[in-house]
1. Given a 1.4 Å probe, how much area per residue of the chain is accessible, in Å²?
2. If I compute solvent accessible area with a 1.4 Å probe over the protein chains, what percent of it on the chain is carbon and sulfur?
3. Can you list the HN-Hα couplings for segment 43-58, worked out from phi with the Karplus curve (6.51, -1.76, 1.60; θ = phi - 60°), rounded to whole Hz and with x for Gly and Pro?
4. Could you compute the longest span of the chain free of trypsin sites (Lys or Arg not before Pro) located in DSSP loops and having at most 15 other Cβ atoms within 10 Å, not counting the site residues?
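The values are calculated or read from the model by the stated rules, or taken from the named source; none is laboratory data. Please read all numbers here as calculations on a predicted model, not as lab measurements. Using ideal geometry, Cβ is built from the backbone for each residue, glycine included, and neighbour counts are taken over all protein chains shown. We work out accessible area using only protein heavy atoms, side chains counted, and drop any ligands, DNA or RNA first. Shrake-Rupley method; radii C 1.70, N 1.55, O 1.52, S 1.80 Å.
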Amino acid sequence: MMNNEEKYTAWQTKFTLLQQKSTLDAETEKFISEILSEFSAVQGQNERLRKIILQKTTGDSRMSTKLRDALYE
């Protein structure tokens, strides 16, 4: 099973080939380009959210040790 990056790369490659063959009209090219751009943006958001969730669930605190020690005193 392909991950999102592999899917995006495959779709981008397929889109480029279709552009080179001139099989798409201008409106379709624009639509596909927008979809690929949106997919890329959502993919980035998804990755950032996963990192945040992982930090919250593992208790990965970014607090400095001095601050943490002061708060616990």
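1. Details: 6560 Å² over 73 residues.
Heavy-atom SASA per residue in the chain reads 90 Å².
2. Working: 3630 of 6560 Å².
Here carbon and sulfur together make up 55 percent of the probe-accessible area.
3. 4, x, 4, 4, 5, 5, 5, 4, 5, 5, 4, 4, 4, 5, 7, 8
4. Working: sites that count: Lys21, Arg62.
Longest stretch, sites excluded: 22-61.
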